[in-house]
Amino acid sequence: MVLTSVGKMVGLQKKTSGIRNICILAHVDHGKTTLADCLISSNGIISSRLAGKLRYLDSREDEQIRGITMKSSAISLHFVKGDQEYLINLIDSPGHVDFSSEVSTAVRLCDGCIIVVDAVEGVCPQTQAVLRQAWLENIRPVLVINKIDRLIVELKLTPQEAYLHLKNILEQINAVTGTLFTSKVLEERAEKETESESISDTASGDQIYDWSAGLEDTDDSHLYFSPDHGNVVFASAIDGWGFGIEHFAKLYSQKIGIKPAVLLKTLWGDYYLNTKAKKIMKGDQSKGKKPLFVQLVLDNIWSLYEAVTKRDKEKIEKIVTSLGLKIGARESRHADPKVHLNAICSQWLPISDAVLSMVCNKLPSPLDITAERVEKLMCVGARTFDSLPPETQELKSAFMKCSSEGTAPVIVFVSKMFAVDAKALPHNKPRPLTQEEIAHRRELAKRRHAEKLAANQGKELSEKLPSENSSEVTGNTGDTKGEEQQLTGQVEIMTSKAMKQEADNKESFIAFARVFSGVVQRGQKIFVLGPKYDPAESLHKVRADSEMLPDDLPLVPHMTCCTLENLYLLMGRELEDLDEVPAGNVLGIGGLQDFVLKSATLSTSPACPPFTPLNFEATPIVRVAVEPKHPSDMPQLVRGMKLLNQADPCVQVLIQETGEHVLVTAGEVHLQRCLDDLKERFAKVQISVSAPIIPFRETITRPPKVDMVNEEIGKQQKVAVIHQTKEDQNKIPEGIQVDSDGLVTISTPNKQATLSVRAMPLPEEVTRLLEENSDLIRTMEQLNTSLNEDKKTHEINQKTLDRIKEFKQKLEQNLQGRKWRKAVDQIWSFGPRKCGPNILLYNFEGYKRSVWQCLGNTVKEVSKYRDFDNSIVSGFQLATLSGPMCEEPLMGVCFTVEKWEMNKVGEMLSTSRQHSGECDAIEHKQNEDTALTSSCTDEVCSADEHQDSSQSVPKSPEKISKHKGEILLADCYGPFSGQLIATMKEACRYALQAKPQRLMAAMYTCEIMATAEVLGRVYAVLSKREGRVLQEEMKEGTDVFIIKAVLPVAESFGFADEIRKRTSGLASPQLVFSHWEIISSDPFWVPTTEEEYLHFGEKADSENQARKYMNAVRKRKGLYVEEKIVEHAEKQRTLSRNK
């Protein structure tokens, strides 16, 4: 096919109905890039012979070496179907789990996607993940079942077996889609129910529960993949063929004389052809007949493969002539039968036609964007569409129209920034010279030549006639002129070279974007809206009708103004310059690197909200510290890391408190790619990389019932302990009292306040609940802060309130029993960072404060604790941020403040706002109250005591002496509050050490596909690395096992390589971060009973996993590690003596 010109593409961009924005999604190695090659070759960009071998869209060197895609890249294709012309913006995405963030960036820009599935491997973990991502973004999928040639060549299935196998794969994929759909219907139904309940609260009568769940009424037939719907293509991309059943339906309708519509419905399914009656009958299996699909389609493909592989020349010629194909002599004589096969199949069933016509028929154009998707994109966080400002809601129509009129507001979403070599930009490319330029250069060359000749002649003359002064003078002047010219020329060349080198070294960033509305023009001024931008705040500052001049712009947070310098058409490895891009197209934008970090929304209207942030499947977990080999290269490294952070949607770059520069990546392959980029592209310096920094969490557990040899604790006699026992290790300094049940009492250094704190482990469900709802807790914190500061915030969204209520109910359900009575209402704070999986409770009289303020039960009260309660919360935040074992964050711990007594001076400070005359009496009474309440050791005091204590503080008239007011203000942030913070932190740490401490390790879920013969080796590698197998199942119709296991992140480095080595590449794992798990062994364990001594020996120096991890982290952080370098320094006498 002829190459399509850029002018043609620009013309097609204006016809929105003919645009299709699609991405190719699949598991790793299922053939996405090979399929993309076949589609690209149909446009003549690459040769059809190279399709599948070239992997055109894998433009990076490491992608070609590893054979996997690492970044999503886009290309625009032209497709003609009948009299209709289409522009297809195709984005190829990675399948490796480490790069799933690239999939998210691609999916956001598309309206449809092609899901590719390997016919042998079937549905794999990443297939499910990409289907889920497509579902979350509301984009429509179509299916390509690829690698069908493997069923013929590798598995050697008969057509009948292959048909059953393909049917099975389709069922698996539809099952995944079905579960996604069911969960959505159930969610919607639950929302409707809550609404109807709130309306019909007053209605009486028995409640009848309807078990149907609303699934029967909803039509979901359009969601599923079925060949008769036309949304499935069977293909082999490497051999260049693919077909949808409509191709065969047309073909056979002429031959057999049955209508194409009937054939379309019956070609897939349990139908067979009754040749005598020329009728299609149902029930092939019961009558032992071949299904239509096998008889009319698969048999032909199988016989073609058989003929070519066995070199049956007569049969091949017969097939070729009956199909009316022309095969070149080169292909038919080629030694490799694959080449011959490719030549026949790609002409008979061209894959590009099958896939692209399915895309054009089944996937929507930008005009068909659904209202649901628009609302989802425009609502950030917990806000509903109705709560947005009216100007913003008006933009919905612009989205839906996708209009390219001049008046339409421009809305563009940038999903990622990617770096390209400055040499690759269109204006830096060497371009062919025009005829005029060639003529001009020829003239210059002639003139130079003539000048040289003249200069030489002048020299000769001066040598001949030394007596003639005049000629000497002229000759000299000519010479000096020539030298001067040469010098200036050299200087120019040098500077141009230096400039060129600088340009070569420079990485240029291009924004990967899509226009949702309006026309984007080069040089246009546009607003850049950050993810936290709120249109409601800025609308009264920036009037939409005012002229947009960046100088006159009032300061609006998270909003800047910039000029679009260059617009590019993305053509895989090439970029083409564009002047304007209408709505509905994917494009590259140059000149945004100073305004956009990773993703952003661009708009000419300040009413436009920022789009919902991209949802990434993989969480970055692998950390390494990076430093330059030569310290003088530090500035380049810092600059390089900034560029890397911008170029990769998933990577995180941090500088820790220790001053280390840390990279956080999604996995080993991702880490390797980031480090290569840093060395070779962005920093261009040699770097040294630390061993991976593995995150841990610290927690406490209930005291164990059995000891290390499974004997019941307390039954056996303790023997004299040679080792230090745990109590000695955590020596508790003077002035701190620790009760037998773990209550720690500690006073501030100035003895003004005393705190009693107890630590308890939270139930697992609660920890999980807190982790899942961290965003909701953060929202609650923001709402409470704005309520406390009496800010007039926008109305709290009802949906958010419902979510908070539901969260509170779940907490109450999970925190039951005597010791958790009223605990939910007494939550003071969450931590660390006010949204973590730890809780602080207050359990003393005379104080009320709740994290549930936003639900309307605000308590405004004056109490002696009011000014300093933030100090206690800050102390708790610090304590939960770094635990006592190895300064890692805590998880699943609840701290209860059981007593908080303040001395006279402290109280005077805090109550100086009250009447000074009544002050002493009240304080005395309060002191007695607190002494009474704190003496009751029960966890929670009853409600009537609460009322008493709150009534015992009479509201006194506020007659504050100026002096006392000053003291109060000074001390709210003065030394006393600082001492309280430190004391609270210490109290929490000692309370933690009074209980059995444990480390929590981050865990990966690991899915391995392996054949039966290497299963044993896979298990060996797993058990060596502390892995635990959860389940194994055999895939139907294959000899492949799927093993699901969990593996600690700490043990995962080099895991994939080791498995590949041990199994000769037959098994490859996919690792995804899953959860945190407690390591069962106690890091401080020493033998104390006789049985433990007998079993472990008195040194007990067998490897303790938890202690090994703890000491490794402590060493890295430069904390004290208790270990002996030489344990026994006796001479070893077992060696034979030298004779």
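Quickly run through the range 324-345 and pick out the residues that are in a helix (DSSP H, G or I), over 11 Å from Val308 (Cα atoms) and open to solvent by 60 Å² or more (accessible area, probe 1.4 Å).
Within the range 324-345, Arg330, Arg333 meet the criteria.
Can you name every residue in the range 672-684 that is within 23 Å of Pro635 (Cβ to Cβ) and either of a type outside the set (Gly, Ala, Ser) or open to solvent by 20 Å² or more (accessible area, probe 1.4 Å) (or both)?
Answer for the range 672-684, where residues must be within 23 Å of Pro635 (Cβ to Cβ) and either of a type outside the set (Gly, Ala, Ser) or open to solvent by 20 Å² or more (accessible area, probe 1.4 Å) (or both): Cys674, Leu675, Asp676, Asp677, Leu678, Lys679, Glu680, Arg681, Phe682, Lys684.
Before we move on, is Ala1056 open to solvent by less than 100 Å² (accessible area, probe 1.4 Å), at pLDDT 85 or above and either at positive phi or out of contact with any Asp or Glu (no Cβ under 6 Å at 6 or more places or on another chain) (or both)?
yes
This table checks each residue for (1) closer than 17 Å to Asp1057 by Cα; (2) among the acidic types (Asp, Glu).
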position	(1), (2)
Ala994	no, no
Arg998	no, no
Ala1001	no, no
Glu1007	yes, yes
Ala1010	yes, no
Ala1020	yes, no
Arg1028	no, no
Glu1032	no, yes
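Checking Ser236 against (1) modelled with pLDDT under 70; (2) open to solvent by less than 50 Å² (accessible area, probe 1.4 Å): exactly one of these is not met. Which one?
It is condition (1) that Ser236 fails.
Give the residue that is nearest to the chain's Cα centre (by Cα), with candidates limited to residues of the range 635-671 that are more than 20 Å from Ala691 (Cβ to Cβ) and surrounded by fewer than 18 Cβ atoms within 10 Å (Cβ to Cβ).
Out of the qualifying residues, it is Lys642.
For Val116, work out the one condition from (1) open to solvent by 20 Å² or more (accessible area, probe 1.4 Å); (2) at pLDDT 95 or above it doesn't fulfil.
Status for Val116: all satisfied but (1).
Taking the range 561-591 only, how many residues are in contact with a Lys or Arg (Cβ under 8 Å, 6 or more places away or on another chain) and either farther than 28 Å from Thr69 by Cα or modelled with pLDDT under 90 (or both)?
Adding up the residues that qualify gives 8.
For the condition in contact (Cβ under 8 Å) with a residue 12 or more places away in the chain and either in a loop (DSSP other than H, G, I, E, B) or farther than 26 Å from Lys506 by Cα (or both), what is the one hit in Ser397, Ser403, Ser415?
Ser403
Identify, please: which residue in the range 55-91 is farther than 20 Å from Gly240 by Cα and among the acidic types (Asp, Glu) and is, among those, least open to solvent (accessible area, probe 1.4 Å)?
Applying the filter and picking the extreme gives Glu63.
Working only within the range 131-161, note down all residues that are surrounded by fewer than 20 Cβ atoms within 10 Å (Cβ to Cβ) and touching a strand residue (DSSP E or B) at 6+ places or on another chain (Cβ under 6 Å).
Within the range 131-161, Arg140 is the sole residue that qualifies.
How many of the residues in the range 789-817 are modelled with pLDDT of 80 or more, exposed (fewer than 14 other Cβ atoms within 10 Å of the Cβ) and not acidic (Asp, Glu)?
4
Is the range 299-319 home to any residue that is of a type in the set (S, T, N, Q), part of a helix (DSSP H, G or I), closer than 14 Å to Phe243 by Cα and under 42 Å from the mean Cα position of the chain (by Cα)?
No - not one qualifying residue is present in the range 299-319.
Step by step: first the residues of the range 849-858, then only those that are part of a loop (DSSP other than H, G, I, E, B) and surrounded by fewer than 17 Cβ atoms within 10 Å (Cβ to Cβ), then the one that is modelled with the lowest pLDDT. Which residue is that?
Thr858
Go through the range 400-425 and give me each residue that's surrounded by fewer than 16 Cβ atoms within 10 Å (Cβ to Cβ) and polar (S, T, N, Q).
Correct list: Thr407 only.
(1) open to solvent by 60 Å² or more (accessible area, probe 1.4 Å); (2) closer than 29 Å to Glu85 by Cβ; (3) of a type in the set (D, E, K, R); (4) part of a helix (DSSP H, G or I): which one isn't true of Arg431, the others all being true?
Single failed check for Arg431: (4).
Having 2 or more residues that are farther than 27 Å from Glu375 by Cβ is the bar; report the strands (runs of 3 or more DSSP E) wholly within the range 585-685 that clear it.
586-590, 622-628, 652-655, 661-665
Which one is nearest to the chain's Cα centre (by Cα), of the residues in the range 818-833 that are modelled with pLDDT under 85 and open to solvent by 50 Å² or more (accessible area, probe 1.4 Å)?
Going through the qualifying residues, I end up with Asp825.
Does Gly381 satisfy being at positive phi and either at pLDDT below 85 or under 29 Å from the mean Cα position of the chain (by Cα) (or both)?
yes
When you look at Ser397, is it of a type in the set (Gly, Ala, Ser) and crowded, with 18+ Cβ neighbours inside 10 Å, yes or no?
Here the answer is no, as Ser397 does not meet what is asked.
When the residues of the range 1025-1055 are filtered to those that are outside any strand (DSSP E or B) and among the acidic types (Asp, Glu), which remaining residue is nearest to Phe696 (Cα to Cα)?
Once the filter is applied, the top-ranked residue is Glu1051.
Okay, residues lined up against (1) under 32 Å from the mean Cα position of the chain (by Cα); (2) open to solvent by less than 30 Å² (accessible area, probe 1.4 Å):
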| position | (1), (2) |
| --- | --- |
| Pro975 | no, no |
| Ala987 | no, yes |
| Ala1002 | yes, yes |
| Leu1030 | yes, no |
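Tell me the residue from Leu367, Leu356 that is among the hydrophobic types (A, V, I, L, M, F, W, C), closer than 30 Å to Asn43 by Cβ, open to solvent by 30 Å² or more (accessible area, probe 1.4 Å) and within 36 Å of the chain's Cα centre (by Cα), please.
On inspection, the qualifying residue turns out to be Leu367.
Here are some residues: Ile258, Ile280. Which one is under 21 Å from Gly230 (Cβ atoms), among the β-branched types (Val, Ile, Thr) and either assigned to a loop (DSSP other than H, G, I, E, B) or touching a residue at least 40 places away in the same chain (Cβ under 8 Å) (or both)?
Ile258
Evaluate the range 258-279: report whether one residue or more is closer than 19 Å to Pro350 by Cβ and open to solvent by 30 Å² or more (accessible area, probe 1.4 Å).
no
Which of the numbered conditions does Tyr1004 fail, given that it passes all the others? Conditions: (1) in contact with a Leu (Cβ under 7 Å, 6 or more places away or on another chain); (2) modelled with pLDDT under 90; (3) among the hydroxyl-bearing types (Ser, Thr, Tyr).
Unmet for Tyr1004, out of (1) in contact with a Leu (Cβ under 7 Å, 6 or more places away or on another chain); (2) modelled with pLDDT under 90; (3) among the hydroxyl-bearing types (Ser, Thr, Tyr): (2).
Would you mind finding the one in Glu1077, Glu1092, Glu1036 that is within 33 Å of the chain's Cα centre (by Cα), open to solvent by less than 50 Å² (accessible area, probe 1.4 Å) and among the charged types (D, E, K, R)?
Step by step, each of Glu1077, Glu1092, Glu1036 is checked, and only Glu1077 is within 33 Å of the chain's Cα centre (by Cα), open to solvent by less than 50 Å² (accessible area, probe 1.4 Å) and among the charged types (D, E, K, R).
Among the residues of the range 825-840, write down those that are out of contact with any strand residue (DSSP E or B) (no Cβ under 9 Å at 6 or more places or on another chain) and assigned to a helix (DSSP H, G or I).
Asp825
The values are calculated or read from the model by the stated rules, or taken from the named source; none is laboratory data. Keep in mind it's a predicted model, so treat the numbers as computed, not measured. Glycine gets a Cβ as well: all are built from the backbone with ideal geometry, and neighbour counts include every protein chain shown. Accessible surface areas use protein heavy atoms only, side chains included; no ligands, DNA or RNA. Shrake-Rupley method; radii C 1.70, N 1.55, O 1.52, S 1.80 Å.
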